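A quick write-up on the structure given underneath.
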Amino acid sequence: MNFFKKKISNGVDWVLFFSIPPVLLAGLITIKSFGSSEDYFFTRQIIWIIISIFIFFALSFIDWRFLRKSEVLMLFYLLSIVFFVILLVFIKDIRGASSWFKTSFFSIEPSEPFKILMIFILAKYFSRRHIEIARFRHIFISVAYAFVPATLIFLQPDFGSAVIIFLIWLGMIMVSGVKKTHLLIIFLLISIVISSLWLFVFKEYQKDRIKIFLNPYHDIQGAGYNANQSMIAVGSGRLFGKGIGYGTQSRLEFLPEHKTDFVFAAFAEEWGFIGVFIILIFYGIIIWRVLRNAMLGQGNFESFFGLGMAIFLIAHLLINIGMNIGLLPITGTPLTFMSYGGSHMLTVFAGLGVLMGMRRYGRKVHPDDLKSEFLGL
């Protein structure tokens, strides 16, 4: 028993782990405050959290160094591409999208775990070519890894997940040591691609989301309704909020998707600026610890994976909050740890569990340094 406790203690970043429950609790309280009609979602969210924590600890015991040379990542990557094609062609739309694989008991969104696989793929690629990354061909190869699945996911259509995959690639290529001139060329190509998407690919409802981003009051009763109600909810919370269970925008159903895409707006209405500020502190601690564990990685592979996880968390946080307060278009991106849903919850805890497994076999921290961190010295 002591050996088991020691193994857990040595491998887990407890500052990171104990920074997560306050955010989870905030999400649960917000979902519960909507009334007894949401008990089903509240109960299922607790179940997903328990399963996710179990996966977190299970994955923290695995030595992930075997993936440095193994071809299993490429095998999973190719299988994922095939699966996305099957989803796109054969799976019946759910709420206008073919991004869910539904069984009799639960639904799975394959694009969520693929985000972690994408981080793995890019971490392995950049770590093996860290010295010669300045060569432009490596940028094209790395973008190909992200472009194919992102395109298939976009066509489902799941614009939010496609954007996250793109941002994971962009963030990791920026920290890989690429030349600034090459980076400028990348941004130029991105601008051309976005322009082409607008002219030839985007559907009208997707264009409407961009128009709402530029003008939040565009078609308030139609495409702009969600964004407008979300901004009203956030603004009405003011400094201290309306109180738990007194958020009128969500309880009276003015705010749509208040337990998923717009849970931040529902939380801000009930808890106000003070509550939002406290939650953002915990998010900041989580991201800081992920970055610190990336720096302690045994090699470039582990460090790149940790950086990818940080980018993944930051992207979800900024995009979700941005679309809740009217600064970014609505993309259907969940707020990590707070939005209802099992696929994203499992994915995040799995990614953090992998990071803990890498930490277990990474560079050791001197006990005095570890003690000073907990004491805040």
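For the residue pairs Lys124/Lys180; Lys115/Lys259; Lys180/Lys203; Lys32/Lys203, alpha carbon separations beyond 28 Å are given by Lys180/Lys203; Lys32/Lys203.
Here the spin labels are modelled as points 7 Å beyond Cα on the Cα-Cβ line, and at Ile281 and Val201 they lie 4.2 nm apart. Highest-first packing order for the peptide set 243-249, 170-176, 60-66 is 170-176, 243-249, 60-66, based on the mean count of other beta carbon atoms within 10 Å. From least to most packed, judged by other beta carbons within 10 angstrom and beginning with the fewest, Glu302, Glu71, Glu257 follow the order Glu71, Glu257, Glu302.
Between Leu88 and Val175, the contour length at 0.36 nm per residue exceeds the Cα-Cα span by 28.0 nm. The stretch between Ala58 and Arg44, if pulled fully straight at 0.36 nm per residue, gains 2.9 nm over its current Cα-Cα span. Packing, as the average of other Cβ atoms within 10 Å across residues, places the peptides 289-295, 319-325 in the order 319-325, 289-295, highest first.
At full extension, Phe66 and Phe254 could sit 62.6 nm farther apart than now, given 0.36 nm per residue minus the alpha carbon distance.
Coordinate-derived values only; no laboratory data. All of these numbers come straight from a predicted model, not from anything done at the bench. Virtual Cβ from ideal backbone geometry, glycine too; neighbours counted across all protein chains shown.
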